[in-house]
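The values are calculated or read from the model by the stated rules, or taken from the named source; none is laboratory data. These figures come from a predicted structure and were not determined experimentally. A quick note on method: Cβ atoms are made from the backbone with ideal geometry, for glycine too, and the neighbour counts reach across all protein chains shown. Only protein heavy atoms, including side chains, enter the accessible area calculation; ligands, DNA and RNA are left aside. Shrake-Rupley method; radii C 1.70, N 1.55, O 1.52, S 1.80 Å.
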Amino acid sequence: MSSPASRTELSQRLQTNPFFAGLDGETLQELAKTAVWRQYDGGEIVVLEGEAAAGLYYLQYGWLKAVKISLGGREQILRLLEPGETFNEVGLFTNLPNPATAIALEAAGVWLIRREAIMQLIRQRPEFAQHVLNKMARRLLHLVSLVTDLSLRPVTGRLARLILEEAQDGVLQRPRWYTQSELAARLGTVPDVVQRALRTLEKEGLIEAQRRSIRIINREGLTAAAE
């Protein structure tokens, strides 16, 4: 596993994070002093739904997934988290148990910034509180969009939209952990249905699907499929 950043390095990293935009270096250094370092292997639970929210998490390295899990064990991925992102904001501010589970997709290093430190900062800095409300509103819009997709858009359309949104230079790269099951959990379906949707888009000449990547062949056609 990688080594953690020093607390000075952590405060510098936080300066580039949108959640902490506008805060001065001294304030971020104070926050960094409260942070606790944790490391996880792939498959380990970082945050468990239903447990008390300890604070805000900053992902230094690795990838995580935020999920809701049914009683039958089926997952719905709410969000994939990459290095440099924060998570568990909702649990932080509602004073309620964690609303979702976060699981490491690979070896990951996480800083926990205690809830009390963030809440004190909000009380002292009204402009920071307003910025945080902005962020929370954007997160809510993302969840509304997810619900709309699951309710109104067929799997093939959801898959087309995901590819368009996440492809870089026309290619959606799939790390080792980005299996068909993970893709299905993002789309709110099962692997067999995802496989059929991929074949449909390939037969229509819109994409080329490989083991570790999906390449866009016809962007205009894929955009039409997404709509």
Quick check on the stretch 14-22. Is at least one of its residues more than 20 Å from Glu89 (Cα to Cα), surrounded by 12 or more Cβ atoms within 10 Å (Cβ to Cβ) and not hydrophobic (A, V, I, L, M, F, W, C)?
no
When every residue in the stretch 71-128 that is more than 14 Å from the chain's Cα centre (by Cα) and of a type in the set (Val, Ile, Thr) is compared, the one nearest to Gly22 (Cα to Cα) is Ile122
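Of a type in the set (D, E, K, R) and modelled with pLDDT of 90 or more, is that true of Lys33?
No: the conditions fail for Lys33.
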Quick one: would you say Ile45 is open to solvent by 50 Å² or more (accessible area, probe 1.4 Å), of a type in the set (A, V, I, L, M) and at pLDDT 90 or above?
yes
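Table: residues versus (1) among the β-branched types (Val, Ile, Thr); (2) assigned to a loop (DSSP other than H, G, I, E, B); (3) touching a Gly at 6+ places or on another chain (Cβ under 9 Å).
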{"position": "Gln12", "(1), (2), (3)": "no, no, yes"}
{"position": "Phe19", "(1), (2), (3)": "no, no, no"}
{"position": "Val46", "(1), (2), (3)": "yes, no, no"}
{"position": "Tyr57", "(1), (2), (3)": "no, no, no"}
{"position": "Gly84", "(1), (2), (3)": "no, yes, no"}
{"position": "Pro97", "(1), (2), (3)": "no, yes, yes"}
Looking at this structure, is Leu140 surrounded by 13 or more Cβ atoms within 10 Å (Cβ to Cβ) and assigned to a helix (DSSP H, G or I)?
no
Selected residue [part of a strand (DSSP E or B) and among the polar types (S, T, N, Q)] from Gln130, Gln76
Gln76
Quick one: in the stretch 150-193, of everything that is assigned to a helix (DSSP H, G or I) and hydroxyl-bearing (Ser, Thr, Tyr), which residue is surrounded by the most Cβ atoms within 10 Å (Cβ to Cβ)?
Thr156
Index of the failed condition, Glu85 passing every other in (1) surrounded by 14 or more Cβ atoms within 10 Å (Cβ to Cβ); (2) touching a helix residue (DSSP H, G or I) at 6+ places or on another chain (Cβ under 6 Å); (3) of a type outside the set (Lys, Arg):
(2)
Tell me yes or no: at least one residue of the stretch 55-76 is loosely packed, with under 15 Cβ neighbours inside 10 Å, closer than 23 Å to Glu116 by Cβ and not hydroxyl-bearing (Ser, Thr, Tyr).
no
